[in-house]
1. Spot the failing condition for Y330; the list is (1) more than 25 Å from R533 (Cβ to Cβ); (2) crowded, with 22+ Cβ neighbours inside 10 Å; (3) more than 15 Å from ligand 1 (Cβ to nearest atom), and only one is missed.
2. For region 248-262, name all the residues that are of a type outside the set (S, T, N, Q) and surrounded by 24 or more Cβ atoms within 10 Å (Cβ to Cβ).
3. Could you tell me which of the residues A314, A363, A321 is within 15 Å of ligand 1 (Cβ to nearest atom), at pLDDT 95 or above and over 24 Å from P93 (Cβ atoms)?
4. For F384, all conditions in the list (1) surrounded by 18 or more Cβ atoms within 10 Å (Cβ to Cβ); (2) part of a loop (DSSP other than H, G, I, E, B) hold save one; what is the number of the exception?
5. Could you list, in sequence order, the residues of region 119-139 that are at pLDDT below 95 and in contact with a helix residue (DSSP H, G or I) (Cβ under 8 Å, 6 or more places away or on another chain)?
6. What do you reckon, is P355 modelled with pLDDT of 95 or more, more than 19 Å from F518 (Cβ to Cβ), within 13 Å of ligand 2 (Cβ to nearest atom) and touching a Phe, Trp or Tyr at 6+ places or on another chain (Cβ under 6 Å)?
7. Within region 374-425, how many residues are in contact with a helix residue (DSSP H, G or I) (Cβ under 6 Å, 6 or more places away or on another chain) and more than 16 Å from C100 (Cβ to Cβ)?
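The values are calculated or read from the model by the stated rules, or taken from the named source; none is laboratory data. This structure is a prediction, so every number in the text was calculated from the model and none was measured. When we count neighbours, we look across all protein chains shown, and the Cβ atoms used for this are built from the backbone with ideal geometry, even at glycine.
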Amino acid sequence: MPDLVTKTENSGYSNEFGRVARKLSSPNVGLFRQLRGISVVSGDLRNLSPKVRLYVEENVDLCKPDNIHICDGTEEENDNLLKIMQKQGTIIPLPKYENCWLARTNPADTARVESKTFICTENKSDTIPTPKEGVKGQLGNWISPSDMQDAVKQRFTGCMKGRTMYVVPFSMGPLTSPLSKIGVEITDSPYVVASMRIMTRMGRNILDKLQATGDEFVKCLHSVGVPATGFVESPEWPCDPERTIILHKPAQNEIVSYGSGYGGNSLLGKKCFALRIGSTIAKREGWLAEHMLILGITNPQGKKRYIAAAFPSACGKTNLAMMTPSLPGYKIQCVGDDIAWMRFDSNGQLRAINPENGFFGVAPGTSRSSNPIAMDTVFRNTLFTNVALTSDGGVYWEGLENETPKDVKITDWRGQAWVRGQDKTPAAHPNSRFCTPAKQCPIIDPAWEHPDGVPISAILFGGRRPAGVPLVYEARNWRHGVFVGASMRSEATAAAEHKGKVIMHDPFAMRPFFGYNFGKYLEHWLSMEQPSRQLPKIFHVNWFRKSNDGKFLWPGFGENSRVLDWILRRLDGEDCAQETAIGYVPKSNSLNLEGLKESVDLQQLFDIPKDFWREEVYAIEKYFNEQVGNDLPKEIANQLVDVKRRVDNM
Ligand code: OXD
Ligand code: MN
């Protein structure tokens, strides 16, 4: 038998505790069903590359699990995990559908926790720009290496006692794509394993690849945690909200997450890897890791283009990515609904992959009328979280009123009886989700797993802006487009812990996801402009403008195809735009409104009120001054001066 505890020289790729672990490691503990005397209940240590093996060893020493389960990604494994979770009360079967399940979280663990999310670098300024004195920085949280070490030690020491440690090997992006990256998540949550199996390419072949190549991987350590008191309030959803912390160490491609089982906090391939660590890798390697959907759109003449679009969390990325166009002759196909990894190829063409393998979409608001494609996707092989349950074994959420028989009884996301029209609280948590395989989407793009990615012709930025911001405008050029991305603002949603409908700055829809200093991020975007490259055109869209009496001015959803039609015509060079202070808007009558059922007040929809824009530009300037300070690239400061002048001259 080979020496399975292979001592590697480990070139600074271990976590803080690796050093201790290596000292303890004995070269002869080689039983492949045991690791440090702990049973390996599934999988084979011989399939681990030395680097993976070392990573597991270090964390066994730290977390002290009872068992180790090396995941192979098979159906059989998944079935067993589902059984375990059902027995623990973590999930409930939904017999109305095929292989669908409902998880209810601890009510204290329902969203991403931005305030407890940190990036660890030697120098604070590598992580966040220095805010103006007396101002609290909003562009991420920094932690020093020694504080990170303490935080990990305090929380993780022995945290998996009595639990199974799962080793989850996964690829972000198709395994054959040069744009993809590999990670290994160590977790004590079977819910995380089952969700990672949907959201990523997970399983044995990833370990085989690491074994064959000896490659590095992104290290992802996760535990649901045990509260400091040792008392687990709800064993069906263990968590430690008081001490939750999400840590990233870009220099070592390392993520450590403690205390929460929820989505972006625990499925570490998503926000932590694909965006925060991803953006730092992208900076180093010269590409872009962005919070963007990717869609393919074919016009009535049969010409197909791909568009990437950045909207903040819970602002309709999934709806746009799966849109059913109302304009005749158009076809939309979906490549991804949340994250895009984009790189210019040797011909100067920007190409994108969706690093994910599933959709972790917001359920409320999804219905036959808003997103029929999502409805055709999610009722098979899906793990729902915090939606309501119906007495016929199905699910319910706000938005499904017309699709749910009146006689079914509803149990809300907390497990309480809930009566339509009577209970004031929502039946489903506003941030409740479906976690569903992307390949089930009936309009998944044929090229969605193409190793080269898809060519991107346009980039859209957008947000929820009830006032002042027109339905669509086009940036003047790449640099202005970068400024538009940097200036994005949007109403807060339930995706994170923010309360109320305040308008928040959310540059590039990345505010919660930057892996490094935002000023440097802007420089990186500006550096994409090179003579040999065909730069995509950049647009800003706003489906959410309201009239003075609080009604949406634009019907949205499938009608947004009219906006995409105008955008495509701009890409084709059509003279259908007119200049304004903030960019190019459609010339009058150039937006195709043929067949639109409701009347639309174009005047209000495209109005660019001078007072509003003066305030908007002032707010952007204040934000840049207070939050980005000296890290703001000169070019962006120049763009601000230009737009200010144009607004003053309106
Ligand atoms: C998400 C988010 O879950 O952005 O996609 O919060
Ligand atoms: Mn998102």
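1. The number of the failed condition is (2).
2. Matches in region 248-262: H248, I255, V256, Y258, G259, G261, Y262.
3. Sole residue among the options that is within 15 Å of ligand 1 (Cβ to nearest atom), at pLDDT 95 or above and over 24 Å from P93 (Cβ atoms): A321.
4. Every listed condition holds for F384 apart from (2).
5. Correct list: T130, P131, K132, V135, G137, Q138.
6. So P355 fits the description; yes.
7. 0
Conditions tested, residue by residue: (1) more than 22 Å from N625 (Cβ to Cβ); (2) crowded, with 18+ Cβ neighbours inside 10 Å; (3) away from ligand 1 (no atom under 16 Å from the Cβ).
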{"residue": "T110", "(1), (2), (3)": "yes, yes, no"}
{"residue": "T117", "(1), (2), (3)": "yes, yes, no"}
{"residue": "I128", "(1), (2), (3)": "no, yes, yes"}
{"residue": "P131", "(1), (2), (3)": "no, no, yes"}
{"residue": "V135", "(1), (2), (3)": "no, no, yes"}
{"residue": "I143", "(1), (2), (3)": "yes, yes, yes"}
{"residue": "D150", "(1), (2), (3)": "yes, no, yes"}
{"residue": "Q154", "(1), (2), (3)": "yes, no, yes"}
{"residue": "T157", "(1), (2), (3)": "yes, no, yes"}
